[in-house]
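Structure record follows, encoded as structure tokens.
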Amino acid sequence: MERDSFRTHARESAPGTCVRATAIVWLLVAAQCGFSADATNAPAPAPASSLEFLDGSMLLGALDGINAQTGVRWKHPGVKQPIEFASSNLHQVRFAAPRQIATTAPASCRFRFANGDEVIGELVSLDAEVVVIDSWFGGKLRAPRKELRAIAVNGAGNALIYEGPLNDGGWKFGGSGVVMGGVARPVLINPAAIIGGIVGGDGPRPPATPAWTFKNNGFISTASGTLGRDFKLPPVARVEFDLAWKTMPSMRIALYTDVIDRMDYNAGYQFYISSSYVYLYRRTVNEGGGMVFSATENARVPQMNNRSKVRFEMRINKEKETAALYADGTHVKTWRVSGPQPEGTGILFYSQRTDGSIRVSNLRVSAWDGREEISTPTNAMSETLLHLANSDRVAGKVNAIKDGKVAFAGPAGELQIPLQRATQIFFPSDTNAPPANATGRNVRASLVRGDSVTFTLDRWEGAEVTGASANFGKVTLRVDSVKNLLFNPESPRPPADDLGVWDDSPFSREE
């Protein structure tokens, strides 16, 4: 699924690239619409969405509509009439605020298809030819079984707790003071200055000066300070976010903390990110001072050496006393964290640098049932591979799935296995050739519950978007169910690290 970052200026592959991209956008605006004092002073759409181009440039505004023949119509506060763009030059539309869809539709399975589509819903039936899915966004969907790559069966308790930020409401901003054992101390950047659980220095806590600022659906820090919120984390949870930086970050993320307005080294699981390494600390206080429960080995994230952005994910299971770290979707390390478990339910970000900028965005907090996501085997398979909840794996053939039972032919003969006893089902990869793209007009819609659907777009008008999917046939979606729309999903695009994340305006650069 697409997890591309929110990009706000052009790539730096050649001198003047950003200037040229900016000039092109404004020339198009001027040519079609002209300027006037009234148009220039027109109120901006609220909230603003972004239209992003293949070269990395971006235009804020609002989507007015899409037509297969005429292209994309885009509203901008600086012009009187919508601007039309050819979809062949576009990368994606990101909507500023994910739409909120009230639905109680069950979602016990996630289905992955050969072309990258992922659909969340109920498995109605599967036979030799067709899989039928009851989806929350399109009712019953029928797809060729040969295009189905994998099924992940969700356990109970994967509820989404938070996705954002969309604003700074509910967040606590702290200054440069930290607390150890209830005593306020000034910040010391060097962790070695912490001796016996106490930060050196006496005197009153310095006044709090917020070091974090909300901009462009993310929080940016250019000074030392804290950002926290109580999410009421359950005992088993996952926390995902994009971290971008201009100077190599030195920061801590405290999970399950009971202190969200300042830094307390005694609170929660403490992930310390420094250079290209991540350390995990669990500090508690005993009669002799501080005691740290942590692994003897750190975790290295090598892509931090040559990139300026990584998507981190922490999966915490207090019941099993484990904490796992993922970077860009790849497992990095799992620590065993024995001893007293933290009792807080909040999250705190603490930037320790005063000479650089970091940005936290695309934060997603959710409950977790402890099961892993779909992770397709790298080797080609000639048989279906069935993963069971007890960690057993068995190869064979799925003849059918119906009424919550899997008819599975394996070494022990044909068995009727309850679907909820399975965690993942992988289908032979040699039958999964991606469907042909005959029109070259494909888009991929990422939906608010985590689905993604690729289809040839016909029309985006009013409250509906319509098109045709190679997997599901005719597609009709509510526009408020779409979180972002990716154009030309088969076309090569610039690497994510060549595109910036810092500018407040799409027509200026922050050097």
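With a sphere of radius 13 Å drawn around the Cβ of ASP168, what net charge do the other residues whose Cβ falls strictly inside it have (Lys, Arg +1; Asp, Glu -1)?
Result for the local shell: +3.
Could you put ILE358, ILE161 in order, starting from the residue whose Cβ has the fewest other Cβ atoms within 10 Å?
Going from least to most buried by this count: ILE161, ILE358.
Tally Lys/Arg at +1 and Asp/Glu at -1 over every other residue whose Cβ is under 10 Å from the Cβ of THR466; what's the total?
So the surrounding residues net to -1.
Which order do the peptides 299-310, 211-222, 406-417 take when ranked by the mean count of other beta-carbon atoms within 10 Å per residue, highest first?
The packing order, highest mean first, is 211-222, 299-310, 406-417.
Sort the following peptides by mean Cβ neighbour count (other Cβ atoms within 10 Å, averaged over residues), highest first: 382-391, 263-272.
The densest-packed peptide leads the list: 263-272, 382-391.
Rule-based calculations on the coordinates, nothing more; no lab input. Just so you know, these numbers come straight off a predicted model, no measurement behind them. For neighbour counting, all protein chains shown are included, and Cβ atoms are generated from backbone atoms with ideal geometry for every residue, glycine included.
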